[in-house]
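Scroll down for the structure; my scribbles are underneath it.
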Amino acid sequence: MLSYVTGKHQLRFGGEFRRTQVDVYYNFGARGVFDFTGGQGPWAGLANNPNQDTNVLSLADFMAGYVYQSTNTIGDSERLVHVNSFNLFGQDAYQATRKLNLNFGLRYEYEGPLHDNTQDLSVFIPSRGLVVAGHGIPAIYPQDFLNFSPRVGFAYQPRDNRNFVVRGSYGIFFDTPPIIPFLDNVFLLNNGPLGTPDNPAGNNSVFSVQVNDYTIVKDQPIFPTGPVPISGSNVLNLFSVSQTLRTPYYEMYSLNVQQSLGQHWILQVGYVGSEGRRLLILGDINQAALGSGFNSTSVIGPNGGTFSYQQSARPFFTKYPNFGVINAVQSEGTSNYSSLQATLRSSQWHGLTAQFSYAWGHNLDDMTQACCTLPQDSTSLREDYGNSDYDVRHHFTANAVYNIPGSSHGPQWITHGWQLNTVMSFRTGFPFTVHATTDTSATGENTDRGDQIGNAYSGVSHSLVNHSYVQWVNPAAFQDPPQGSFGTMRRNQLTGPGFASVDLSVFKNIPVTERLKAQFRVEMFNIFNRLNLAPPSGYLFGGFGQSTDTIGDYNGAPGIGPGEPFNMQLALKLIF
């Protein structure tokens, strides 16, 4: 980075080059994935009975071998991939007047597409079929050379005493596309491939074979054991990347005022917002027609092969009858965030240093996670626009450090060096989605949402039941959509449990020598022992709407994670 000061201008220029290398090895699906929905056996009609437990029907299908969907991955999907990127920037901090400071900047970003040197990454292009990067197209998606991001900001002090400041900013920020959505989409509900390495093309082909709507027969193979020809009645699932994909970006803006309250306290209140554009999302561009999975008749394809009716109801069946699910990464997503944020902080006020922060905001998007997530209906992505997975409406945090004044009585090593600390966090809950029990749309995507028919919170007390679970929402207020239809509930329509925790610690600093100090610490977490619940189950079967875990255990930190039951630790720290 180069800095240069001339007159009222402070200029800075710089840049960066990065080369990322990842050895990708995901062998998910090599042992097969099977879906039993309860809709294939002779008892399928019972699913229309609202009192029927569909789990029992699914178990019956499993016991009898009636398979709704199944896939198996054949081949070696290990890949060594690279991503090249670089950026250049220039900025100017300009002291326009004694009271006004202006900041201008321009940044250029280049985020190169994922690539390898062995020509074994491929994508599906509707007009050309399967195309290998490096042999037919330069990369799995086009390079984007137009990522210029301007930034501007100001700070204005209208009063001579400088205890009141107005600040504002606007900028465009390009996002580095993560590697995972292109390579590691595990547990996709439509059983699509993990990513671009799992296509039957290139020097190291991988075959994601799909077999649907059949009955398991003893000693009869379900899947082939070797390379699968793209012909006959074979159905292969693919992964693709849109050829109109561009670098995602955000427009961020803020306006706030800051007021000094005496010599030690500062209050800041402002608006912070952002707009996300061209965000990465995942969708099945070959999604079968609504209700097609309920038709059990067979269809002769244009190549003479025999296919299920659902397979024949895919958009590309006429031209590519052997291609089933085609999940594609696209840059069609949008997001919006608006918030009121307030901060009050002190510095050495009678020994107290503290900060109190509050945010009241709302975050919406089409798809929060581009990896491993599919919309309810890939033909209508905008219907998934709703509360973000991380939408928290109210959030208050506080931290404080108080250096207790020493006493003039008694030995100083006992009466001096005491420090009291606290951290507090309170927030409303994260949203969650209500999912249907089965694939009611019969598109094969298995992403259908439920229907709400009553008050979600009627009759629930949010109290612990038998030390086992908390019933967060009323199960009777929801039901599966009618067969052959999508759910009417919005994505992330309901809100889960909130979070509250107060931590307290006491430090005793003991000088040992001029350069060595011992610090004895007593740290207590969640001192009021509040029960912080994990999100409830969102699937309309047994246990729906129940929270059966604490948030710390849910996030992989049982017992000692944030929000877990009261716990305390003692520590001795040597500082030198």
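The values are calculated or read from the model by the stated rules, or taken from the named source; none is laboratory data. None of these values were measured; they are calculated from a predicted model. A quick note on method: Cβ atoms are made from the backbone with ideal geometry, for glycine too, and the neighbour counts reach across all protein chains shown.
Residues of the stretch 305-317 that are closer than 20 Å to Gly129 by Cα, in contact (Cβ under 8 Å) with a residue 40 or more places away in the chain and not in a helix (DSSP H, G or I): Gly305, Phe307, Phe316.
From the list Arg490, Arg515, the lone residue that is basic (Lys, Arg), modelled with pLDDT of 95 or more and farther than 18 Å from Thr428 by Cα is Arg490. Under the condition of being loosely packed, with under 13 Cβ neighbours inside 10 Å and of a type in the set (S, T, N, Q), the residues counted in the stretch 1-21 number 3. What are the residues in the stretch 513-539 that are in contact (Cβ under 8 Å) with a residue 12 or more places away in the chain and over 37 Å from the mean Cα position of the chain (by Cα), if any? If the condition is that a residue be in contact (Cβ under 8 Å) with a residue 12 or more places away in the chain and over 37 Å from the mean Cα position of the chain (by Cα), then Arg515, Leu516, Lys517, Ala518, Gln519, Phe520 are the ones that fit.
Okay, residues lined up against (1) out of contact with any helix residue (DSSP H, G or I) (no Cβ under 8 Å at 6 or more places or on another chain); (2) under 22 Å from Gln369 (Cβ atoms); (3) of a type in the set (Val, Ile, Thr):
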{"residue": "Val473", "(1), (2), (3)": "yes, no, yes"}
{"residue": "Pro482", "(1), (2), (3)": "yes, no, no"}
{"residue": "Arg490", "(1), (2), (3)": "yes, yes, no"}
{"residue": "Val502", "(1), (2), (3)": "yes, no, yes"}
{"residue": "Lys508", "(1), (2), (3)": "yes, no, no"}
{"residue": "Lys517", "(1), (2), (3)": "yes, no, no"}
{"residue": "Phe520", "(1), (2), (3)": "yes, no, no"}
{"residue": "Asn555", "(1), (2), (3)": "yes, yes, no"}
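The residues of the stretch 122-167 that are in contact (Cβ under 8 Å) with a residue 24 or more places away in the chain, in a loop (DSSP other than H, G, I, E, B) and crowded, with 17+ Cβ neighbours inside 10 Å, listed by number, are Ile140, Tyr141, Asp144, Gln157.
Number of residues in the stretch 54-75 that are in contact with a Ser or Thr (Cβ under 9 Å, 6 or more places away or on another chain) and on the phi < 0 side of the Ramachandran plot equals 14. Just checking, does the stretch 172-192 include any residue being assigned to a strand (DSSP E or B) and surrounded by 16 or more Cβ atoms within 10 Å (Cβ to Cβ)? Taking every residue of the stretch 172-192 in turn, at least one turns out to be assigned to a strand (DSSP E or B) and surrounded by 16 or more Cβ atoms within 10 Å (Cβ to Cβ). When Leu102, Leu121, Leu80, Leu106 are checked against the criterion of being under 30 Å from Pro248 (Cα atoms) and in contact with a helix residue (DSSP H, G or I) (Cβ under 6 Å, 6 or more places away or on another chain), a single residue qualifies: Leu121. Count of the stretch 115-163 residues, restricted to those that are at pLDDT below 90 and among the hydroxyl-bearing types (Ser, Thr, Tyr), is 1. Would you mind finding the one in Ser537, Ser547, Ser485, Ser501 that is of a type in the set (Gly, Ala, Ser), surrounded by 13 or more Cβ atoms within 10 Å (Cβ to Cβ), over 26 Å from Asp391 (Cβ atoms) and at pLDDT 90 or above? The match here is Ser485. Among the numbered conditions (1) within 29 Å of Glu445 (Cα to Cα); (2) at pLDDT below 95; (3) out of contact with any Leu (no Cβ under 8 Å at 6 or more places or on another chain); (4) in a loop (DSSP other than H, G, I, E, B), the only one that Ala370 does not meet is (3). When the criteria are applied in full, Phe62 meets the requirement of being buried (at least 16 other Cβ atoms within 10 Å of the Cβ) and either farther than 23 Å from Leu238 by Cβ or out of contact with any strand residue (DSSP E or B) (no Cβ under 8 Å at 6 or more places or on another chain) (or both).
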